Structure formats: structure tokens, C-alpha cells
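J.: Below you will find the structure I want to go over with you.
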Amino acid sequence: MSPAGAGRRPLISGNWKMNLDHLEAIHAARDLGLRLQPADVAPVDVSVHPPFTDIRSVQSVLEGEGIPVALGAQNCAVEDSGAFTGEVSPVMLAKLHVEYVIVGHSERRAHFAETDAVVASKLRAVLRNGMAPICCVGETVDERDIGLTQERLTAQVTAALTGLPAEDVAAMVVAYEPVWAIGTGQAATPEDAQEACAWIRGVVAQVAGEEPATQVRIQYGGSVKADNTASLMACTDVDGLLVGGASLDAAQFTDIVRAASRGGR
Ligand code: PEP
């Protein structure tokens, strides 16, 4: 439905999940900074999403050493402040110059009972604080097996985006992450990724309008490695990648960024 890329700048994001203490995170950020060359990041945006306890340390490394990588978080609270023991406020993240916050990752939906309604509230909390949400959607293997992929994507995208101003939708990121592909080594084929991402873009158009649907960036995530990056990035509606396991290794993540930046988008 949109011309190839349509001027959307790809975003390659590394989700470190619950890995790397703050000392290891400092090392990983420095390692990435030493490997990434200006040409690697000229055509793409890159973000890393460390655990909360690492964010301040990684911010210091990225800003102090001028590393062209945006800071991200993996989650945030719905509220800005208050009696919410154990939560981390989006205000606090914005203060640390976090630019992107993952919301609705399937691990949070599955292990922490995050419903579509909670995801929608978090998405708004991120936007309210001037950051860009990376809103994860995707079907389980059971849903896929009985042909419910499109229905599931429609429900998740509709619940997340309904009522948002067009400019907020245009500025955010949706990540198509089929649950069966996360951490399994079994990535979606480029054909399946393209079909799902095009479907998501169509749902965005219905919910928010054609203009934001053309502008919103849609990532693919699930067992991305350097050797499948180019074929996924060649898909018209894939505007970037959300990378889990392979982002923990600076060399592998650099290879992915490099392959994406050469992808002709
Ligand atoms: C993820 O955690 O979002 C993810 C896609 O993980 P992996 O790349 O390890 O499949």
C-alpha cells in the first residue's frame, strides 16, 4: 500500500532484555561505539534498550563518547509518579534522554499479564513524555496455526492506537514480533514478515488515517541475525528490526546494522 520505504528511516533496535549488569552494559556500549562506523549509521537509526539499572551508565557512555546510538528502555509505568512500588516512571526515563520505549513486548504480555488496555496506557505514557513507543504486536503459534494471525494483529493494533492523534501515530514505531519466532532461531520468512507488516500498516490506516500509516515505522522482530537481515529489510513494509539475542553481542549487532544500512532503503 505504500511505495518502497516511502522515505521512512529504518530503525534497528537492540533489546537486551534482563541481561548485562551495569558494568557489562558499559562494556557493551563502548564495544558497539568502537565498531560502528559513520557509514553504518548514515542511512539508519539505531537504539539499544538496556535493563533499567543500566540506563544511566549507558547514557553516560553514549553521550560522553558521542556514539550515534539512541537510548531506549524495555518498559515503563503507566503513571508519571506516585505510590507504585517497583515501577519506573516515563518521566524518569525521559530525564535520562531515553528516546524509545518498548511497550507490549510478548514476554510482558505473557509473564506479567499486560493486557491490550495496559499496553495502550503505557503507549500514551511514553508519548505524553515526549518519547517514541515501540509497540509490539504478534500472534502466538496456536493463533498462526488456526489462521488467526491477521485477526490478532488487527485486535492488538486497534486496541493500542484507537483515539491517538495522527501525529503521535506517525511518530511511533510498531514492531511485528510473531511470538513463535522470538528466541527460537526460527525467523519469519521475508514473505510472511512483509504480509504481516503490510497488514499492520493497513490497520493503522483504518484506525488513524492514510497519512500516519505511510509515516509510521514498522519493525520486524524474531530471531534476526546478520544473515537474514538483508532479506527482511528488502521488504517494502519492513522499516527496521527489533533484535533480542543477537544484540547482546556488539560484533553481531554491528553486522546486523551494517547489513541493514546496505539494504538499499
Ligand atoms: C525480542 O526480544 O524482541 C526478540 C526479537 O528476540 P530474538 O531476536 O532473540 O528472537
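The values are calculated or read from the model by the stated rules, or taken from the named source; none is laboratory data. These numbers come from a predicted model, not from an experiment. Don't worry about glycine lacking a Cβ; one is built from the backbone with ideal geometry, like all the others, and counts go over all protein chains shown. Side chains included, ligands, DNA and RNA excluded: accessible areas come from the protein's heavy atoms. Shrake-Rupley method; radii C 1.70, N 1.55, O 1.52, S 1.80 Å.
J.: Based on this model, can you work out whether Ser223 counts as within 13 Å of the ligand (Cβ to nearest atom) and either touching a residue at least 24 places away in the same chain (Cβ under 8 Å) or in a helix (DSSP H, G or I) (or both)?
T.: Spelling it out, Ser223 is indeed within 13 Å of the ligand (Cβ to nearest atom) and either touching a residue at least 24 places away in the same chain (Cβ under 8 Å) or in a helix (DSSP H, G or I) (or both).
J.: Considering only residues that are part of a loop (DSSP other than H, G, I, E, B) and polar (S, T, N, Q), look in region 92-134 and name the one that is most open to solvent (accessible area, probe 1.4 Å).
T.: The extreme case among them is Thr115.
J.: Can you name every residue in region 211-234 that is open to solvent by 10 Å² or more (accessible area, probe 1.4 Å), farther than 21 Å from Pro133 by Cβ and not aliphatic (A, V, I, L, M)?
T.: Ser223, Lys225, Asp227, Asn228, Ser231
J.: Name the single residue that is nearest to Gly263 (Cα to Cα) among those in region 44-77 being part of a loop (DSSP other than H, G, I, E, B) and more than 18 Å from the chain's Cα centre (by Cα).
T.: Taking the candidates together, the pick is Ile67.
J.: Right, next: Determine if region 135-147 includes at least one residue that is among the β-branched types (Val, Ile, Thr), surrounded by 15 or more Cβ atoms within 10 Å (Cβ to Cβ) and assigned to a loop (DSSP other than H, G, I, E, B).
T.: Scanning region 135-147 turns up at least one residue that is among the β-branched types (Val, Ile, Thr), surrounded by 15 or more Cβ atoms within 10 Å (Cβ to Cβ) and assigned to a loop (DSSP other than H, G, I, E, B).
J.: Name the pairs whose Cβ atoms lie under 7 Å apart, with the first residue in region 92-107 and over 17 Å from Met18 (Cα atoms) and acidic (Asp, Glu), the second at pLDDT 95 or above and more than 16 Å from the ligand (Cβ to nearest atom), and 6 or more positions between them or separate chains?
T.: Partner pairs satisfying both residue conditions: Glu99/Ala70; Glu99/Leu71; Glu99/Met131; Glu99/Ala132.
J.: Touching a residue at least 12 places away in the same chain (Cβ under 8 Å), farther than 28 Å from Ala251 by Cβ and open to solvent by less than 50 Å² (accessible area, probe 1.4 Å) - does that describe any residue in region 55-68?
T.: Among the residues of region 55-68, not one is touching a residue at least 12 places away in the same chain (Cβ under 8 Å), farther than 28 Å from Ala251 by Cβ and open to solvent by less than 50 Å² (accessible area, probe 1.4 Å), which makes the answer no.
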